[in-house]
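Shown next, in structure tokens, is the structure this report addresses.
The values are calculated or read from the model by the stated rules, or taken from the named source; none is laboratory data. Just so it is clear, the structure is predicted and the values come from calculations on it, not from any experiment. For neighbour counting, all protein chains shown are included, and Cβ atoms are generated from backbone atoms with ideal geometry for every residue, glycine included. To get the accessible areas, we keep the full protein, side chains included, count just its heavy atoms, and leave off ligands, DNA and RNA. Shrake-Rupley method; radii C 1.70, N 1.55, O 1.52, S 1.80 Å.
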Amino acid sequence: AFQTALTTDIHRHGHLHTTKAWAKAVRSEVDRMITLAKDGSLAARRRALGYMYDKPTVHALFANAPSRYKDRDGGYTRIIRTLRRRGDNAEMAVIELV
């Protein structure tokens, strides 16, 4: 459920500040949603709607992704390491759409 929320937020805002472990875990789901959007079929749209929480975000993804990522066959996200979190010293990162 947490991965679903993170995936939805990344597609809604374009980037997300989280721990490095969560960024690596959610990267495959974000890429999978973009692959579904590039497919563009009704079945792919229904699968994306079943996974992500926000209906307008899914519709925006399906409208923009085919043109934005037409020349790219994968690797739709970038993980950039940032400063460690104060308190528990966890490795932090920003995951963003390329």
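Taken together, the residues in segment 54-84 that are in contact (Cβ under 8 Å) with a residue 40 or more places away in the chain, of a type in the set (D, E, K, R) and surrounded by 13 or more Cβ atoms within 10 Å (Cβ to Cβ) amount to 1. Number of residues in segment 1-53 that are without any contact (Cβ under 8 Å) to a residue 40 or more places away in the chain and either in contact with a Cys (Cβ under 9 Å, 6 or more places away or on another chain) or charged (D, E, K, R) (or both): the value is 8. The set of residues in segment 54-75 that are farther than 16 Å from Glu29 by Cβ and in contact with a His (Cβ under 9 Å, 6 or more places away or on another chain) contains only Ala60.
Within segment 67-88, which residues are over 15 Å from the mean Cα position of the chain (by Cα) and at negative phi?
Those that are over 15 Å from the mean Cα position of the chain (by Cα) and at negative phi: Ser67, Lys70, Asp71, Arg72, Asp73, Arg81, Thr82, Leu83, Arg84, Arg85, Arg86, Asp88.
Can you name the residue in segment 54-84 that is in contact with a strand residue (DSSP E or B) (Cβ under 9 Å, 6 or more places away or on another chain) and not in a loop (DSSP other than H, G, I, E, B) and is also farthest from Thr8 (Cα to Cα) among such residues? So the residue we want is Arg81.
For segment 26-53, taking the residues that are out of contact with any His (no Cβ under 8 Å at 6 or more places or on another chain), open to solvent by less than 80 Å² (accessible area, probe 1.4 Å) and not in a helix (DSSP H, G or I), the one that is nearest to His13 (Cα to Cα) is identified as Gly40.
Restricted to segment 1-25, and to residues there that are part of a helix (DSSP H, G or I) and of a type in the set (Ser, Thr, Tyr), the residue that is surrounded by the most Cβ atoms within 10 Å (Cβ to Cβ) is Thr7.
To keep it simple, each residue is scored yes or no on (1) modelled with pLDDT under 95; (2) farther than 18 Å from Ala5 by Cα.
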residue: Arg27; (1), (2): no, no
residue: Arg32; (1), (2): no, no
residue: Leu42; (1), (2): no, yes
residue: Ala60; (1), (2): no, no
residue: Gly74; (1), (2): yes, yes
residue: Ile79; (1), (2): no, no
residue: Thr82; (1), (2): no, yes
residue: Ala90; (1), (2): no, yes
